[in-house]
Structures are given as C-alpha cells and as structure tokens.
Amino acid sequence: MGSRENILQAVRAKQLPDKPAPSLEQNWIRYEDRRAQFAAALQSVGGRCEFVAGGAAAAAKLAEHPAWSAAEKIVSLVPDVVAGNCDLATVDDPHKLEDVDFAILRGSIAVAENGAVWVTDQGLKHRAVYFIAQHLVLVVPAGAIVDNMAQAYEKLQFAGPGYGAFLSGPSKTADIEQSLVIGAHGPRSMTVFLIEAI
Amino acid sequence: MSRNGHSATVANVGHPALAEAFTLDRPRARWHDETLWFVRSKRDKAAWTLPEWELLRETASAIKAHTMSRLAEYLEQFERQAQKLGVTVHWAKDAAEHNEIVLGILQRRGAKKLVKSKSMLTEECHLNPYLERHGIEVVDTDLGERIVQLAGEPPSHIVLPAIHKKKEDVGEIFHEHLGTPAGASDPLFLAEAARQHLRDKFMQADAALTGVNFAIAETGGIVICTNEGNADLGVSLPKVHIACMGIEKLIPRAADLSVFLRLLARSATGQPITTYSSHFHGPMPGAEMHIVLVDNGRTEILGSDEFRRSLNCIRCGACMNTCPVYRRSGGHSYESTVPGPIGSILAPSRDAKLHGSLPFACSLCGSCTDVCPVKIDIHHQLLTWRKEINHRGLLSLSKRVGMKLMSRLFSSPRIYAASGWLARKIVPRLPRFMLYNRMNAWGKRRELPEFPRESFREQFARRKNGKGGHGK
Ligand code: SF4
C-alpha cells in the first residue's frame with residue numbers, strides 16, 4: 001500500500017461527527033466612504049492611492065513619482081495611461097525582465113478594509129513582472145472598490161489554471177530588529193490609480 | 001551549510017536550562033520581551049478595527065472543525081482538482097519520504113540551485129541539510145530565514161525567524177557572508193545588501209520551493225502569504241515549483257479565505273493583510289508544479305480527541321508574541337520547529353519524552369487562547385499534556401516529588417493550615433542562603449514577597465468574632 005492510501009486510511013480511521021460548514025454570509029464591515037478607507041488602508045501599508053478622472057490625469061500624477069524621470073525600462077499594459085517600451089509578448093524569458101524600472105498593470109478589485117488590489121496573470125505573459133519591477137503601478141476602475149474580503153471573493157472565480165493575488169503595498173520586511181524596510185525583494189513602491197473613465 | 005542545534009540530532013536538555021541561558025543577557029532578553037509585546041499590541045489594534053473580530057474567529061474555528069471532520073474527502077477532492085490543473089500531487093507519510101520526493105523532483109530536472117520561501121514543514125523535515133548532502137544549493141529567501149540560515153541556526157519564531165538577533169548580529173553575519181563593511185548595522189543598508197544578494201540567487205535558481213498557507217479543496221489551488229514577495233518572485237522565474245504542505249492546510253472553499261486572510265496578518269503582525277496573498281492554480285505555462293502532501297505524525301494527532309484542535313493552527317505566531325514565557329525565554333529554548341504555546345502542544349505529540357518539559361513552560365495565564373485567531377484552547381491542551389506526561393511517567397524527579405508533597409498538603413486542611421502558619425512564622429526569619437539557593441528555582445532573580453502576619457482564615461475568624469476590621 002502506498003503512502004497515499006496509508007494516509008487516507010489513517011485519516012478515515014477516526015470517524016469524527018460531521019460538523020457543518022458555517023455560513024459566510026454575515027453582517028461584515030461596510031464603510032460609509034469606501035474610497036477614503038481604501039486610500040487610508042493602502043497608505044498605512046506603505047502604498048499610495050490617487051483618484052483620477054482618466055488616463056491623462058493618471059499620466060500627469062505618474063510624472064510626479066520621484067523615480068519616474070530616471071526610469072528607463074517600462075512595461076505597460078495600460079496604454080491609456082502610458083505607453084511602455086518593453087513589450088512582454090516579445091520577451092521569451094522572464095529573467096530578462098530583471099531591469100524593469102516601472103510596471104503599469106491593471107487591477108480588477110480594490111478592497112477598502114485592507115488596501116489590497118486583486119491582480120491576475122490573464123493576458124500577461126510573465127507574471128514575474130509584478131514582483132521583479134522596481135516600481136509597481138496598478139490601475140483599477142474607481143467603481144471596483146468593495147468593502148471587505150467577503151465581497152471580494154464573491155466576485156472571484158477560479159476556473160482553470162492561473163495566478164491571482166491580493167497585493168497590498170510595496171514589498172517589505174521587518175526582519176532586522178522589527179525595523180520596517182520598504183523594498184524587500186519586490187517593488188520599492190506601489191501606486192494605485194483609481195480611475196473614473198478608462 | 002547546514003543548521004545545527006536541532007532537536008532531532010541534539011539531546012534535548014529541556015526548556016528550563018535553555019531558558020536560563022537566554023535570560024543571562026538581561027538587556028537582550030528584555031529587548032526580546034518588549035519587541036514581541038509591541039507586535040502583540042499591534043495585533044490588538046488591528047483586531048479592534050473590526051467589530052466582527054469575534055465572529056471571524058468563531059467562523060474560522062468552525063471552518064476548521066468542519067474540514068477536519070471530512071478531511072479524507074477534502075484531500076481527495078483537492079488532489080483531483082489540482083491534477084486537473086496540471087499539478088503533480090505527491091503523498092509523503094513522513095519526513096524521510098518527503099525529502100526523497102523533493103530530491104527526486106530536483107534530480108529528474110537536473111536542478112542544482114533551489115530558492116526557498118518560508119516553510120515550517122521543511123524545517124520540521126530537516127530538508128535543507130538533506131538536500132545539501134546531495135549537492136543541492138539551498139537558499140532561504142525570506143530575509144529572516146536567510147539571516148538564521150547564514151548563522152547556521154534554526155528560526156526562533158515562525159513568523160519572525162530572526163527575532164532573537166540584534167541588528168549588530170545581522171551586520172556581523174552579513175559582513176562574514178555577504179561582504180558588507182564591518183560594523184555596518186543599519187537595517188536599511190543591510191536589507192538592501194540582502195536584496196542584491198538574493199536577487200542574484202533568484203536569477204540563478206533552477207527550481208523554487210514554497211510552503212503553503214492554505215490549500216483549497218474546491219479548486220485545487222494553493223495560497224501563499226508573504227510580505228517580502230519572495231515566494232512569488234522565486235516561483236515565477238524557474239520552470240519548477242514545488243509546494244510542500246501538511247495535510248491540515250486544507251480548506252473547503254475559496255470563499256473561506258475571506259475569513260482566514262482577514263485574521264492571519266492582523267493576528268501575526270497587525271497588518272490588515274499580508275502584502276502578497278497569492279493564489280496559485282496550476283503551473284505557469286511551460287513549467288511544472290508539484291504539491292507534496294505530508295502526514296509526518298498529523299494523522300496521529302487527528303485521531304486524538306484531546307489534541308486534534310492543535311491541527312487548526314494557521315501559524316500566525318500570535319500565541320508566541322503574547323506568551324510571557326516565550327517572550328522571556330526565546331524561541332530556541334523550546335528546541336522545536338514550532339516553539340511557544342502551540343509548539344508546546346505539537347512537539348510532545350511528536351515525541352513526549354524528548355519534549356516533555358514544554359507543557360510546563362507555561363504559566364497557564366491563557367493569553368494564547370485569547371489571541372488565537374482560530375480559537376484553539378491552547379492552555380487547556382497544555383494542561384492536558386501535563387497530566388499525560390505525568391501519566392506516562394515522564395516527569396522529572398524534582399517535579400514528581402514536589403507534586404506528591406503538594407497533593408498531600410492540599411488534600412489535608414489541617415496540614416495546610418499548620419504549614420501556612422509555620423511558613424509565616426519561620427520564613428521571614430530565615431537567612432538568605434537557606435531561601436535563595438539551588439533548590440529553589442523560584443528564588444532565582446526573584447525576591448519573596450513580604451509575608452502577611454495573619455492568614456485569610458485567621459483574619460476571617462477574628463472579624464466574625466467582631467474583633468476589629470471594617471465589618472458592621
Ligand atoms: S495556535 Fe493560534 S495563535 Fe498560535 S500560531 Fe497557531 S493560529 Fe496563531
């Protein structure tokens with residue numbers, strides 16, 4: 001008998017009384033001003049949130065980013081905001097993205113309670129770009145803010161292969177004496193544009 | 001390099017002796033205590049932002065209880081769904097089989113360099129030294145884990161692996177191994193040096209190994225939570241991703257994550273959510289993904305009515321941060337992969353003889369139970385373990401004799417009253433050497449309180465007789 005059968009048999013050996021799964025539909029927290037809550041939550045984890053009317057306004061804000069003027073290699077999947085100069089489709093190996101300065105990508109849901117944005121690898125050849133870029137910019141429709149994680153999962157589907165993540169702020173560590181350092185392995189900054197029209 | 005100081009290879013000298021060694025450096029021990037308490041306070045603040053905190057804990061606990069009641073079904077469902085997504089699923093009954101499976105995958109692919117993100121399971125299985133013996137370079141990429149790996153130590157905390165190190169220690173380790181200037185100890189500078197060093201490792205890796213925070217039966221996906229992004233960066237570059245998990249990591253539905261992800265980071269560090277909460281469903285296009293499901297003693301715990309709930313742990317570390325004993329004795333004093341209150345339940349389940357001192361490293365204050373996001377009755381289980389250890393005859397001699405005397409004393413009201421009277425009369429007059437000596441562990445760095453002149457019973461009798469006091 002292999003380990004699979006061994007383990008399953010050992011698990012089954014103890015007949016436990018069936019305990020029903022609890023309901024997830026509860027009166028979870030809601031916010032009067034979801035936008036303000038999202039912006040505050042994101043800021044508290046080291047990210048930056050900007051509310052903008054459209055692509056041009058976002059581009060103008062992006063130009064204010066302290067690292068923008070020095071950026072050389074830019075990946076953008078949101079041409080309405082800015083055109084990139086590195087087309088992922090033509091990159092055969094994600095290791096070649098090592099020197100990407102900025103990645104401007106789309107997020108589909110923003111969560112007010114924790115400042116997280118849901119992103120996926122749909123239509124994205126190399127998911128590495130989320131983590132390997134020095135600076136990350138996510139563009140999210142302003143209407144896509146939900147109050148809490150329960151609402152977020154109601155919108156998510158996991159049919160078939162793929163990658164998806166809640167990203168909340170830039171990469172960080174506090175592993176040296178609990179001193180917070182932004183930019184552990186991944187992006188050193190994270191900006192979220194909540195955009196009205198796109 | 002391999003790590004030393006592990007419980008599996010070194011004779012266990014018990015918690016009290018190691019805790020004593022830790023407390024000798026008083027400023028450092030105090031710093032450790034205060035830092036963890038600070039993390040605990042951040043957890044409180046984060047919990048208080050949600051009016052539904054207690055409901056979340058209830059719900060999480062109920063989801064876990066439900067999952068355990070049908071674990072076999074959920075494991076099978078998870079395997080089916082993961083396979084549909086193109087994942088190769090492996091089963092390992094123990095640490096040795098787990099290690100062989102991982103090595104086998106690496107050897108088949110000709111992989112020589114492995115980057116790892118945090119995984120307590122692989123610590124438990126002592127995977128690193130095993131792989132290194134077989135010529136694999138293993139790099140822990142979580143900064144805290146990298147620090148202790150370079151230092152040749154195991155982590156001392158499950159969320160904050162290098163919490164026992166001061167920045168000067170880290171500076172020295174990096175000076176020796178990464179070539180940073182001697183004396184450099186600024187955390188910003190050191191973290192940047194580690195970033196550059198580990199980027200190289202990420203770029204060169206042939207394969208990546210991760211732990212698993214949650215595995216979703218319904219979808220076959222796994223979820224990994226980090227702040228550094230090291231798991232994500234690690235697995236998105238090479239063509240092989242190996243994810244190792246204990247069988248207790250299962251949850252039934254993706255939507256259950258809405259409960260666990262709200263609890264995990266708030267309980268761990270006081271953040272509203274980890275920076276990266278990544279859902280992996282199947283391998284990247286053109287790559288392969290392996291999931292290793294490991295038992296290694298878990299089914300045995302599952303079979304125990306007393307200790308089954310200890311499997312519900314989501315490894316947030318909150319019980320460690322709040323524990324007065326852990327904070328003052330340090331993680332290494334437990335000689336167990338998972339230290340602190342929950343580790344003191346899990347370790348004796350593995351080997352009661354080796355880890356028999358751990359359930360006694362506890363004041364039964366119950367703070368762990370209060371903060372546990374999945375409502376494990378930690379301190380009750382610790383008490384149960386004490387009885388069990390006594391029952392199995394594994395108690396140390398001094399504890400056995402002491403307990404016998406205590407039970408005599410408490411079961412006879414007359415002896416109890418008489419010895420109280422004697423103590424009040426005699427102890428205050430005894431010379432110091434008779435009170436503070438080797439026989440009295442409680443007298444180490446602790447002064448006796450002043451003894452009252454009368455016992456409660458004496459006071460009560462006097463007041464009932466109307467002789468003074470504040471009575472009518
Ligand atoms: S026992 Fe509870 S508090 Fe302790 S690490 Fe596990 S989940 Fe967290």
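Within the straight-line cut-off of under 15 Å between alpha carbons, the aspartates and glutamates reachable from A:K19 are B:E58, B:E73, B:D305, sequence neighbours fewer than 8 places apart in one chain being disregarded.
Note on segment B:330-472: with charges restricted to the Cβ of Lys and Arg (+1) and Asp and Glu (-1), its dipole about the Cα centre is near 960 debye. The alpha-carbon of A:K61 sits under 22 angstrom from the alpha-carbons of these lysines, leaving out residues fewer than 8 places away in its chain: A:K73. Hey, for a label at B:F38 modelled as a point 7 Å past Cα toward Cβ, could you say which residues of segment B:131-146 have their backbone N under 20 Å away? In segment B:131-146, the label zone of B:F38 (backbone N under 20 Å from the point 7 Å along Cα→Cβ) covers B:143-145. Given +1 at the Cβ of Lys and Arg, -1 at the Cβ of Asp and Glu and no other charges, the dipole of chain B around its Cα centre is 2900 debye to the nearest 20. Residue pairs exceeding 21 angstrom between C-alpha atoms, taken from A:K96/A:K125; B:K42/B:K249; A:K96/B:K201; B:K113/B:K166; A:K172/B:K375: B:K42/B:K249; B:K113/B:K166; A:K172/B:K375. For segment A:118-134, backbone phi angles converted through the Karplus equation (6.51, -1.76, 1.60; θ = phi - 60°) give residue-by-residue couplings of 8, 10, 9, 9, 5, x, 10, 5, 10, 5, 4, 4, 4, 10, 8, 5, 6 Hz, Gly and Pro being listed as x. One compactness figure for segment B:112-197 is 1.08, namely its Cα radius of gyration divided by 2.2 N^0.38 Å. Computed from Cα positions, the angle between helix A:34-44 and the longest principal axis of chain A comes to roughly 90 degrees.
Between B:R429 and B:A96, the C-beta separation translates, for a Förster distance of 60 Å, into a calculated FRET efficiency of about 0.50. Computed from the C-beta positions of B:S396 and B:K45 and an R0 of 56 Å, the FRET efficiency is 0.85 to the nearest 0.05.
Ranked by the mean number of other Cβ atoms within 10 Å of their residues, highest first, the peptides B:157-166, A:90-99 fall in the order B:157-166, A:90-99. The A and B chains share an interface that buries close to 6800 Å² of accessible area, total over both sides, probe 1.4 Å.
If you take the Cα centroid of segment B:80-144 and the Cα centroid of segment B:172-190, the two points sit 30 Å apart. Split the accessible area of segment B:397-464 by element, probe 1.4 Å, and carbon with sulfur accounts for 63%.
Compared with the dominant Cα axis of chain B, that is its longest principal axis, helix B:257-268 is turned about 60°. Using a cutoff of 8 angstrom between alpha carbon atoms and counting only pairs six or more residues apart, the relative contact order for chain B works out to 21 percent.
Only lysines eight or more places from B:K425 in sequence, or on another chain, were considered; those with a Cα closer than 29 Å are B:K399, B:K404, B:K444, B:K464, B:K467.
The values are calculated or read from the model by the stated rules, or taken from the named source; none is laboratory data. Please read these numbers as outputs of a predicted model, since none were measured by experiment. Every residue, glycine among them, receives a Cβ derived from its backbone with ideal geometry; neighbour counts consider all protein chains shown. Quick note on the areas: whole protein, heavy atoms, side chains included, nothing else; ligands and nucleic acids left out. Shrake-Rupley method; radii C 1.70, N 1.55, O 1.52, S 1.80 Å.
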